[in-house]
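The values are calculated or read from the model by the stated rules, or taken from the named source; none is laboratory data. Predicted model, so just to flag it, every value in this text is computed and none were measured. Quick reminder, even Gly has a Cβ in these numbers, built from the backbone with ideal geometry, and neighbours come from all protein chains shown.
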Amino acid sequence: MRNLIIILTFITLFVSCAYEKGGITDEMKNGLISFEQQTVGYSETKNNADGKIIKNRNNGILTLTYITEETGCPHFEGGYKIADKTLTLYYQDVNFQLVKCIDLFELEYKIEDKNLDYEKIKVERLKPIKKGLSFRE
């Protein structure tokens with residue numbers, strides 16, 4: 001019995017049931033009115049190729065739409081930052097599942113347009129994470 005307790009204690013030192021922390025910070029969400037995702041089929045996106053950014057301004061709200069190809073059934077978190085005249089949109093799959101299905105997803109960022117001073121837009125995908133059982137590094 002004592003050996004079993006020692007083995008179980010050793011295992012729990014390396015395996016954690018804690019959730020992994022996402023890379024989208026509160027600072028990235030500051031001024032973000034909403035971030036939404038929806039699945040779009042390939043046939044519906046002939047004119048909106050993977051990676052194209054569509055901009056729209058209306059009543060002080062900047063809407064940016066980005067289409068990306070992803071694996072599995074992702075659930076995205078999003079945010080943005082402005083540095084050196086570059087508006088960077090961030091997204092991260094916080095429910096990564098290793099499955100074979102591949103699909104296109106439309107990500108929509110709605111940002112308060114007050115004092116947004118940028119010349120370029122870029123998109124950065126943060127490393128996907130899997131919530132649940134994880135091994136400590």
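Within region 92-127, count every residue that is in contact with a Pro (Cβ under 9 Å, 6 or more places away or on another chain) and within 17 Å of THR63 (Cα to Cα). Total meeting the criteria: 1.
Residues that are closer than 13 Å to ILE67 by Cα and among the hydrophobic types (A, V, I, L, M, F, W, C) do occur in region 105-114. Checked against (1) under 19 Å from GLN38 (Cα atoms); (2) without any contact (Cβ under 8 Å) to a residue 60 or more places away in the chain, ALA83 passes all but a single condition, namely (1). Residues in region 59-80 that are over 17 Å from SER34 (Cβ atoms) and part of a loop (DSSP other than H, G, I, E, B): GLY72, CYS73, PRO74.
Failed condition for TYR19, given (1) at pLDDT 75 or above; (2) not in a strand (DSSP E or B), with all others met? It is condition (1) that TYR19 fails.
Take ASN58 and decide whether it is surrounded by fewer than 12 Cβ atoms within 10 Å (Cβ to Cβ) and modelled with pLDDT under 80.
Details: surrounded by fewer than 12 Cβ atoms within 10 Å (Cβ to Cβ): yes; modelled with pLDDT under 80: no.
No, not satisfied.
The number of residues in region 94-116 that are surrounded by fewer than 19 Cβ atoms within 10 Å (Cβ to Cβ) and part of a loop (DSSP other than H, G, I, E, B) comes to 10.
Scanning region 68-93 for residues that are more than 15 Å from GLU124 (Cβ to Cβ) and surrounded by 19 or more Cβ atoms within 10 Å (Cβ to Cβ) yields one hit, PRO74. The residues listed here are LEU107, LEU98; of these, the one that is closer than 22 Å to ASN30 by Cα, touching a residue at least 24 places away in the same chain (Cβ under 8 Å) and aliphatic (A, V, I, L, M) is LEU107.
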